[in-house]
Amino acid sequence: MKKRFILTFPAGRTNNPITYDLIKKYNIKINIIKANIGAEEEGSLLLEMIAEESDLNNAQEYLKENNINCQSVEKRVQFIENECMHCGACTAVCFAGALTLGKDDWKLSFDATKCIVCELCVKACPLGLFEIHFSE
Amino acid sequence: MSTKTIDQINEKIKKGKAVVLTAEEVSKMSENHTPSEILKKVDVVTTATFGAMCSSGAFINFGHADPAIRMEKLKLNDVNVFSGVAAVDAYIGATEESETNPKYGGAHIIEALIKGEDVHLEAHAKGTDCYPRKEIVTTINKNNVNEMFLFNPRNAYQNYPAATNTTNKMIYTYMGNLLPKMGNITYSTSGELSPLLNDPEFRTIGIGTRIFLCGAQGFVSWNGTQFNTSVKKNKNGIPVHNATTLAVIGDMKQMDPEFIKAAYFEKYGVSIYIGIGIPIPVLDEEIARCVSIKNKDINTTVMDYGKNGHPAICETDYEKLQSGTITINGKSIRTAPLSSLYKARIIANKLKNQIIDETFQITQPVQNLPKNTNLTGLEIRGENK
Ligand code: SF4
Ligand code: SF4
């Protein structure tokens, strides 16, 4: 399966080579989309992980043991789908192509596997339907 | 040349023999039918739009308290509401914003009232001999006010420019969030489904025309404000940017919250999405030709919202805009709508079914909309800082 996750590292360095372990020990193909270091020296990584489901689950356990928060993109970027009026205003800013209108039915769809967590949709939706959630 | 009358069409509807199509369906049909064949086969074409229409609002009458008050300063859910119309009448302007929460405004109150929610009312007055009360605090809702009706001064724009931004920073507009360096283009009409693009010369739409307004049956009450018939037209007779508009009226107690939505545009303010559907009776070949218009035959102007006066960049058409990208100076730019074609289609189909079910009667306008109108700007007269 292919899924995007945001890894949040606490300030200070971790002792383990995290990405190396994810690849070597858990057999995960990793594509780094975005890396950030915050004001408090906490770091975050947006990763695309391609792996078997069991490997992914084990990797998430490993991350937890190392005090690294691992949140799926779907959990981070949420939208209140049943109130959507399918206007398309959010698609104007989603240059990653995660938000698109169906060619025939003109309904909005959100493809989390393309989301880069830029958060531009939050301000773009005239109904305020997007929310960024930081907790699990 | 054969023609039909509205009476004949209503007669056919009664007999269950009328053919009603949406404007998109008739545009498709015109690929292999001539206007004269369409005139023979189709009786009514339904058009629709669901977009942000800032120039909207509602009249409301609260009824009198005992002792009575002549409301002078009035707030509903902390939003200022115009009460300078008699004692307990008021006008809720859709774009009026709450002083405590600028993302909440008149539009939200209108939506709440239609949903049947309670709205907090607070009013003050100086007190008069006939209206002695000086203040009142209470709640109102759809069931305990006398009347509440939308009366929107400018809706259903006949065409609208598409917007882009050539500056180096993101701008936030009523045309949505525009990425820097022409990173996107937004547009806001339903193209070939849009009401006034299907009857560009107002052959059938006029004052008194019955329309679908946010789920209720409403009426065209006047030409809308900024009604401009002097805009340059393309070869199909379609103005190439914003031109005419409609003032519309309808009973809010009959409206459906599915077809009216309060909105907030970042760093612009509160607005409201309004759903409008208008039936066009196919009376002659010329009208048949007009309702057959296709997205590729409707042009609009791309304007630069990053600069004062929004200078034009180029012209495009709705087929290209709806395709998702257009090319300007060799650069491919993503396009996105702001009005919901999804909802507009639901409205066009609903209206079509109401006409077939005889719950919606086609009307002859009481009076035509004006011709040869222009726009005036606001000159700065006298001293200005
Ligand atoms: S966060 Fe950015 S990439 Fe993700 S859906 Fe919103 S606009 Fe698109
Ligand atoms: S901007 Fe909001 S309402 Fe419009 S399509 Fe996107 S999520 Fe839906």
So what is Rg over Rh here for the stretch A:80-135, counting just Cα atoms and using Kirkwood for Rh?
0.93
Give the long-range amide H neighbours of A:Asn69: residues separated by 5 or more places, or on another chain, with amide H under 5 Å away, using H modelled in the peptide plane at 1.01 Å from N.
A:Thr8
Alpha carbon centre of the stretch A:35-90 versus the stretch B:345-371: separation in Å?
49
Charges only on Cβ, +1 for Lys and Arg, -1 for Asp and Glu: so what's the dipole of the protein assembly as shown about the Cα centre, in debye to the nearest 20?
1160
Rounded to whole Hz, the Karplus (6.51, -1.76, 1.60) HN-Hα couplings of the stretch B:191-197, x for glycine and proline
x, 5, 8, 6, x, 6, 7
Of all C-alpha pairs within the protein assembly as shown, those more than 29 angstrom apart amount in percent to 59
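Compute the longest continuous run of chain A that contains no exposed trypsin sites (Lys or Arg not before Pro); treat a site as exposed when its DSSP state is not H, G, I, E or B and it has at most 11 other Cβ atoms within 10 Å.
Value returned for the longest uninterrupted segment is A:14-102.
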So, relative contact order of chain B in percent, Cα under 8 Å, 6 or more apart, is 24
Give the calculated FRET efficiency between B:Glu135 and A:Thr19 to the nearest 0.05, with a Förster radius of 56 Å applied to their Cβ-Cβ distance.
0.30
For the stretch A:108-124, in order, what is each residue's ³J(HN,Hα) by Karplus, 6.51 cos²θ - 1.76 cosθ + 1.60 with θ = phi - 60°, in whole Hz (x at glycine and Pro)?
6, 10, 10, 9, 5, 6, 10, 5, 10, 6, 7, 6, 5, 5, 4, 7, 7
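Treat the count of other C-beta atoms within 10 Å as a stand-in for reagent exposure and order B:Ile38, B:Ile110, A:Ile68 from fewest to most.
Working: B:Ile38 22, B:Ile110 28, A:Ile68 19.
By the 10 Å Cβ count, ascending, the order reads A:Ile68, B:Ile38, B:Ile110.
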Let a ≥ b ≥ c be the square roots of the eigenvalues of the Cα gyration tensor of the stretch B:319-385; is it rounded (a/c under 1.5), or, if not, prolate (a/b larger than b/c) or oblate?
oblate
Assertion target for B:Ser190, B:Ser30, ordered by fewest C-beta neighbours within 10 angstrom first, is B:Ser30, B:Ser190
How many times 2.2 N^0.38 Å is the alpha carbon radius of gyration of the stretch A:2-74?
1.02
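Got a sec? How would B:Glu383, A:Glu52, B:Glu72 order by Cβ neighbour count within 10 Å, fewest to most?
B:Glu383, A:Glu52, B:Glu72
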Can you give the alpha-carbon Rg of the stretch B:63-145 over 2.2 N^0.38 Å, where N counts its residues?
1.06
Hydrodynamic calc, the stretch B:149-221: Kirkwood Rh from Cα pairs, then Stokes-Einstein at 25 °C with viscosity 0.890 mPa s, so D in µm² s⁻¹ is 167
State, in angstrom, two size descriptors of chain B derived from its alpha carbons: Rg to one decimal place and Dmax to the nearest whole number.
22.3, 73
Could you state the number of Å between the C-alpha centres of the stretch B:210-247 and the stretch B:173-195?
19
Rounded to whole Hz, the Karplus (6.51, -1.76, 1.60) HN-Hα couplings of the stretch B:365-373, x for glycine and proline:
x, 6, 8, 6, 6, x, 10, 6, 9
Note on chain A: the mean projected area of its alpha-carbon convex hull, in nm², is 9.0
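Every number in this text was worked out from the coordinates using simple rules, so none of it is lab data. Quick caveat, the model's predicted, so the values are computed rather than measured. Heads up, the Cβs are rebuilt from the backbone with ideal geometry, glycines too, and the neighbour counts pull from every protein chain shown.
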